[in-house]
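Here's the structure we're looking at; comments come further down.
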Amino acid sequence: MKNEINLTIKQEFIEDYKDGYPLISKESVVDWSKAVDEGTIVNLVDAKGKFIVKGYYGIQNKGYGWVLSSNADESIDATYFANKIKSAIEYRECFFKDENTTAFRVFNGEGDGIGGLTIDYFDGYYMLTWYSIGIYELKQEILDALKSSVEYKGIYQKKRFDGKGKYLDDSDDFVCGQRAESPIIVKENGANFAIYLDDGAMVGVFLDQKNVRKTIRDTYAKGKTVLNTFSYTGAFSVFAALGGATKTTSVDLAKRSLSKTQEQFMLNNIDPKTQDIIVDDVFNYFKYAVRKKLLFDIVVLDPPSFARSKKHTFSASKDYVKLLKEAIQITNKNGIIVASTNAANFSMMTFSDFVFKAFKELNSKYKVEKSFSLPKDFRVMDKFKEGDYLKVIIIRKIR
Ligand code: SAH
């Protein structure tokens, strides 16, 4: 049993916590100095010492901890975690049954009742991501709970402790069970992906984009030319090619993206030689494309929320309009722009304004065809809308 301490909440925050707000913010607590060790279970109390909610202390960029229960008598132990994990699995019952998609999110942080922890499923393997030292302190109870709740081939982990969610490079991300082959091959809506569970921060695919990939394949790609910027392993390109795109062009700065994208194409029986895979700064590529008067039917924009390359710094909240303007200029009339961002620091409304602004500044016209937020397995809380970070707008350029 972890020892518990009381922390006093400022009056103006009490209603929010009673109402189900899950994040323990730095500002809301009077006496943080009492919390020494991350992972400590904290009872949030009012000025008179009356219990409000309990949670754990763990520093992340978002806050200083997460609420775990509104029941004063609930002890935060393996049984507690097993209940959360079991209900997360129940919620995803249909995902486990779907043979065409063997990779998805099983546990999505506060959306499933425990902020700071996610669990992804890759064809029998489970990968936990710990977002603070505090939640990692609770590792044993959480692992016991997971092991008693699921059948697994093996368990892996990623540590993202530095507050900004940056990956902590451990020599080994393997936790227990059977080691996975490197790569394992998973399916997503019938397509194949190579997944590396123990090769750095990213495993090869971002599971939150599956509905967008499927829509590109099933609705838009046939007979079209596709430019996929910030392409990473080329997941959007693979789906576009599978949907009958005449050609895809993938552009990413990272050298590894070339071989990784070739690999994903080959796994889907597409000859990588028939596709363009370019290692370059996207902003250089835009210049090149304009100079060569290249035009594409579909342009996918899925940048990181923040990135620094040798020549450019890109921040989604500051520079997305500029990025869109570059894309609009090389998109055919009647073409499609898939504008995506995972930046949590602005809303869908703001993102829509970016689109409006970019087209207006170029005196160009558009129509919004569809928009997406996180898929169902990336469960979010009504009381914590910031958790739904994904924003994707499919735009048709009219002129
Ligand atoms: N769209 C991808 C995920 C993008 S991850 C997918 O669907 O899987 C972000 C990628 O952007 C990384 O691979 C990184 O190498 C790349 N990147 C960051 N800055 C870049 C830049 N200026 N030009 C090209 N690629 C960049």
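Computed about the Cα centre, the dipole magnitude for the chain is approximately 2380 debye when only Lys and Arg (+1) and Asp and Glu (-1) carry charge, each at its Cβ. Comparing Cα centroids, segment 244-265 and segment 114-139 end up 29 angstrom apart. Can you bin segment 206-397 into rounded, prolate or oblate? Criterion: square roots of the alpha carbon gyration tensor eigenvalues sorted a ≥ b ≥ c, rounded for a/c under 1.5, prolate for a/b above b/c, oblate for the rest. Here segment 206-397 falls in the rounded category.
With both residues required to sit in the chain, DSSP beta bridges show an antiparallel share near 60%.
Computed from the C-beta positions of Asn345 and Leu168, the FRET efficiency with R₀ = 22 Å rounds to 0.45.
If you wrap the tightest convex hull around every Cα atom of the chain and split its volume per residue, you get 144 Å³. Of the residues Ile76, Phe107, Asn6, the one whose Cα sits farthest towards the positive end of the charge dipole of segment 1-112 is Asn6 (charges of +1 on Lys and Arg Cβ, -1 on Asp and Glu Cβ, taken about the Cα centre). A Förster radius of 56 Å, combined with the Cβ-Cβ distance separating Lys385 from Asp271, puts the computed FRET efficiency at roughly 0.80. Highest-first packing order for the peptide set 107-114, 320-327 is 107-114, 320-327, based on the mean count of other beta carbon atoms within 10 Å. Taking amide H atoms as placed 1.01 Å from N in the peptide plane, the amide H of Trp66 lies under 5 Å from those of Ile24, Tyr56, Gly58, each 5 or more residues away in sequence or on another chain.
Across segment 93-107, rounded Karplus estimates of 3J(HN,Hα) from the backbone phi angles (6.51 cos²θ - 1.76 cosθ + 1.60, θ = phi - 60°) give 3, 5, 5, 5, 7, 7, 6, 7, 9, 10, 9, 6, 8, 9, 9 Hz, Gly and Pro being marked x. Once you reduce segment 20-78 and segment 177-238 to the center of their Cα atoms, the two points are 38 Å from each other. Annotation: amide H of Gly115 within the under-5 Å range of Glu110, sequence separation 5 or more or interchain, hydrogens built in the peptide plane.
Against the empirical 2.2 N^0.38 Å (N residues), segment 1-150 has a Cα radius of gyration ratio of 1.08. Listed cross-link partners Lys84/Lys367; Lys360/Lys385; Lys18/Lys210; Lys222/Lys385; Lys97/Lys247; Lys311/Lys376 are compared with a 31 Å cut-off, the Cα-Cα value being larger for Lys84/Lys367; Lys18/Lys210; Lys222/Lys385; Lys97/Lys247; Lys311/Lys376.
Calculated translational diffusion coefficient of segment 106-185 (10 °C, 1.306 mPa s; Stokes-Einstein with Kirkwood radius over alpha-carbon pairs) equals 122 µm²/s.
For segment 304-365, the equivalent ellipsoid derived from the Cα gyration tensor has semi-axes of 20, 15, 10 Å, listed largest first. For segment 241-260, list residues with backbone N below 20 Å from a point placed 7 Å from the Cα of Asn284 toward its Cβ? Residues passing the 20 Å test: 249-260. With R₀ fixed at 35 Å, the C-beta to C-beta distance from Lys97 to Asn71 puts the FRET efficiency at about 0.60.
No value in this document is a laboratory result; all are computed from the given coordinates. None of the values given here were measured: they were computed from a predicted structure. Cβ sites come from the backbone with ideal geometry, for glycine too, and all protein chains shown count toward neighbours.
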